[in-house]
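Okay, so here's the structure we're looking at.
The values are calculated or read from the model by the stated rules, or taken from the named source; none is laboratory data. On a predicted model such as this, the values are computed, not experimentally measured, just so you know. Here the Cβ positions follow ideal geometry from the backbone for every residue, glycine too, while neighbour counts run over all protein chains shown.
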Amino acid sequence: MSNKVVGVSVAIIRRGDEVLLCQRNEKARYALQWEFPGGKIEQGETPEAALSRELFEELDIMAEIGQLLHAEESVYPDGGKFFVHFYLVEKFSNEIQNKVFQTVEWVLPEDLLKFQVLEGNVDICRNLPGILNKVNN
């Protein structure tokens, strides 16, 4: 197993009081767990550019990448190591089209932990209501 840490950018896409949560497809690594949309940062990409590309590939939207809300390293039981950047996205064009996920749901931030979220998303899910509250003020 590689010790390489994989850079990842994900979006907290907010619409009104809700955020978009996506369920990984049944064939994906960490199948059927819930996560925020986004993905791996390719060589030569900035975290923001990677996120724009991923959101277009996964949801068919052109997103305006907002502020960095949080960043953390996560290590999974299978040895996967990820450094995840969580960006706020409040503006995008096109209707969201689910192109890769099992399903997507709009969820109140305080309800996120009712879902089986990826281990690397648990802390942000727990803290998101407070983080979004600070952003609003």
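A few comments on the model shown:
- Yes/no for residue 52 being among the hydroxyl-bearing types (Ser, Thr, Tyr), at pLDDT 95 or above, outside any loop (DSSP other than H, G, I, E, B) and over 16 Å from residue 120 (Cβ atoms): yes
- When 101, 115, 56, 83 are screened for being among the aromatic types (Phe, Trp, Tyr) and free of Cβ contacts under 8 Å to residues at least 40 places away in the same chain, only 56 passes.
- Test: residue in the range 80-92 that is surrounded by 18 or more Cβ atoms within 10 Å (Cβ to Cβ), more than 13 Å from the chain's Cα centre (by Cα), at pLDDT 95 or above and not charged (D, E, K, R): yes
- Qualifying residue in the range 121-131 (condition: touching a residue at least 40 places away in the same chain (Cβ under 8 Å), acidic (Asp, Glu) and either exposed (fewer than 15 other Cβ atoms within 10 Å of the Cβ) or not in a loop (DSSP other than H, G, I, E, B) (or both)): yes
- Residue 29 vs. criteria of a type in the set (D, E, K, R) and touching a strand residue (DSSP E or B) at 6+ places or on another chain (Cβ under 7 Å): no
- Among the residues of the range 95-124, those identified as farther than 24 Å from residue 71 by Cβ and touching a strand residue (DSSP E or B) at 6+ places or on another chain (Cβ under 6 Å) are 98, 102, 103, 105, 106.
- With respect to being among the small types (Gly, Ala, Ser), farther than 18 Å from residue 118 by Cα and outside any strand (DSSP E or B), residue 44 fits the description.
- Exclusive hit being touching a residue at least 24 places away in the same chain (Cβ under 8 Å) and either within 28 Å of residue 134 (Cα to Cα) or assigned to a loop (DSSP other than H, G, I, E, B) (or both), set 31, 11: 11
- Among residues of the range 66-118, those that are in a loop (DSSP other than H, G, I, E, B), in contact with a Lys or Arg (Cβ under 7 Å, 6 or more places away or on another chain) and closer than 14 Å to residue 15 by Cα, counted: 1
- Residue 71 vs. criteria within 24 Å of residue 132 (Cα to Cα) and either among the charged types (D, E, K, R) or surrounded by 16 or more Cβ atoms within 10 Å (Cβ to Cβ) (or both): no
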